[in-house]
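Peer 1: Just passing along the structure, written as structure tokens.
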Amino acid sequence: MAVDERKEGRGLLGEVTVTLETGVDARDPRRVALRAWLGAHPSPSGRDLADAKLVAPAWPEPWGLGASVEYQLVINEELRRAGAHRPINPIGIGWAGPTILVAGTEAQKSRWLPPLLSGEEFWCQLFSEPNAGSDLASLATTARRDGDEWVITGQKLWTSYAHLATWGILLARTSNEGAPQNGISYFVCSMKIPGISVRPLIDMTGDHAFNEVFFDEVRLPADSLLGQVNDGWRLAQVTLGNERVSLSGEGVLWGRGPTARDLVELVRSQHLALRKIDRDDLVRCWSHGEILRFLRMRLTANAVAGKVAGSDASLRKALADDHGQEMMTLAQRFAGSAGMLNDRGPGGSGGQEGRSWSWGFLYSQALTIGGGTSVVQRNIIAERVLGLPKDLGA
């Protein structure tokens with residue numbers, strides 16, 4: 001955790017670090033209480049963190065603390081300081097959970113949210129289809145009511161970790177009347193019931209994360225419907241809005257992985273002798289990283305002030321995707337001929353570090369496609385930020 005190392009006197013916590021990332025004093029009662037809890041739970045489990053409402057502290061009671069953005073940042077600092085890790089359940093915590101909070105009944109919240117937050121039940125997203133990726137409203141998977149059940153038929157594509165998931169958030173067509181988006185409903189689907197087939201898609205990194213999922217007359221109970229019939233498009237916007245935010249973290253691989261600062265430090269530590277064009281490109285890449293870092297700070301500041309993000313998440317994601325590919329391509333170039341191997345990074349760095357840079361270069365090719373393509377993001381920016389018409393005839 002980056003902190004200002006100046007100390008002032010001694011208090012209940014021993015030597016007191018006065019200034020931290022958030023600027024919130026270490027003697028702040030919230031920070032004191034967090035450190036006391038973490039002291040009593042030195043290796044908290046996902047269930048411990050969920051019970052303490054620290055997994056998604058911004059969520060309302062009883063699932064979270066209704067925490068302000070500043071308080072959330074304090075919690076993040078203290079968890080990092082203690083080496084405590086939240087459960088890994090990105091789609092569940094980041095996308096499904098907020099949508100269930102918006103539209104779920106109390107029974108649905110009680111059933112799905114506790115194991116979602118604790119990481120005991122892993123989630124996937126069943127939105128994209130072979131002919132409905134960027135044009136999600138044209139999805140063809142159907143859901144028809146049959147007594148107390150919904151019968152699902154169709155196919156989904158690019159479903160991350162469907163082979164591991166317990167639950168999935170599913171969009172299916174329940175009506176063909178009116179505009180395409182008006183006939184879509186939103187379901188929560190068990191991934192362990194008869195009729196579901198999951199087939200692996202191996203990506204260019206050699207990993208198996210993506211899948212195609214087939215639904216052959218899959219029967220879901222009536223209470224699998226989230227919200228109202230034919231209101232799924234509105235709820236999908238809630239999910240996708242949270243998705244864009246969660247894909248805009250600090251690292252260049254959708255919030256994970258290294259930053260341009262890390263690349264500069266690696267070049268320095270490896271004592272690479274760069275050509276002038278390489279130095280210029282590295283400085284440009286670093287500058288782009290700093291611009292994105294300041295944009296992220298502005299988004300955080302706006303959130304602290306209670307301002308609505310609007311289309312800023314799409315703006316940052318569009319810029320961050322290009323930057324991620326720029327940086328990883330540059331790192332691959334700095335690796336030279338060693339970059340043709342799958343365990344070598346800039347300067348010929350080997351081991352886990354070398355493998356991570358090589359893997360990152362391959363993975364970065366997906367950045368401008370996943371989570372909303374760059375074309376979609378720029379359309380959103382053009383229409384909602386610049387006020388341009390949807391097409392030339394509008």
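FYI, it's all coordinate maths here, none of it is from the lab. From a predicted model like this one, the values you see are computed outputs, not experimental measurements. All Cβ positions, even for glycine, are placed from backbone atoms using ideal geometry, and neighbour counts span all protein chains on display.
Peer 1: For the chain, what proportion of DSSP beta bridges, expressed in % and rounded to the nearest 5, is antiparallel?
Peer 2: 90 percent
Peer 1: Taking the mean number of other Cβ atoms within 10 Å as a proxy for protection, how do you rank 355-367, 30-42 from highest to lowest?
Peer 2: 355-367, 30-42
Peer 1: Taking the Cβ of each residue in Leu386, Leu201 as the centre, tally the other Cβ atoms inside 10 Å and list the residues starting with the fewest.
Peer 2: Fewest to most other Cβ atoms nearby, the residues stand as Leu386, Leu201.
Peer 1: So if R0 is 45 Å, what FRET efficiency would Asp280 and Arg378 give, r being the distance between their Cβ atoms, rounded to the nearest 0.05? Please report the intermediate quantities before stating the final value.
Peer 2: Details: r = 26 Å, r/R0 = 0.59.
So the FRET efficiency works out to roughly 0.95.
Peer 1: Then there is this: If each DSSP helix of 4+ residues adds -39,500 (n - 2.57) and the sum is divided by the residues in the chain, what number results at 222 nm, nearest 500 deg cm²/dmol?
Peer 2: When only DSSP H runs of four or more count, the value is -12000 deg cm²/dmol.
Peer 1: Let me ask another. Run through the stretch 133-199 and list the trypsin sites (Lys or Arg not before Pro) located in a DSSP loop whose Cβ has at most 15 other Cβ atoms within 10 Å. Kindly include the intermediate steps, with their values, before the conclusion.
Peer 2: Numbers: sites: Arg144, Arg145, Lys156, Arg173, Lys192; in loops: Lys192.
In loop regions of the stretch 133-199 (DSSP not H, G, I, E or B), the sparsely surrounded trypsin sites (Lys or Arg not before Pro) are Lys192.
Peer 1: In whole Å and largest first, what semi-axes does the C-alpha gyration tensor of the stretch 58-150 yield when each eigenvalue is scaled by 5 and square-rooted?
Peer 2: 31, 18, 13
Peer 1: Fewest Cβ neighbours within 10 Å first, please rank His271, His85 accordingly. Spell out each step's value before the answer.
Peer 2: Values: His271 7, His85 13.
Ranking His271, His85 by Cβ neighbours within 10 Å, fewest first, gives His271, His85.
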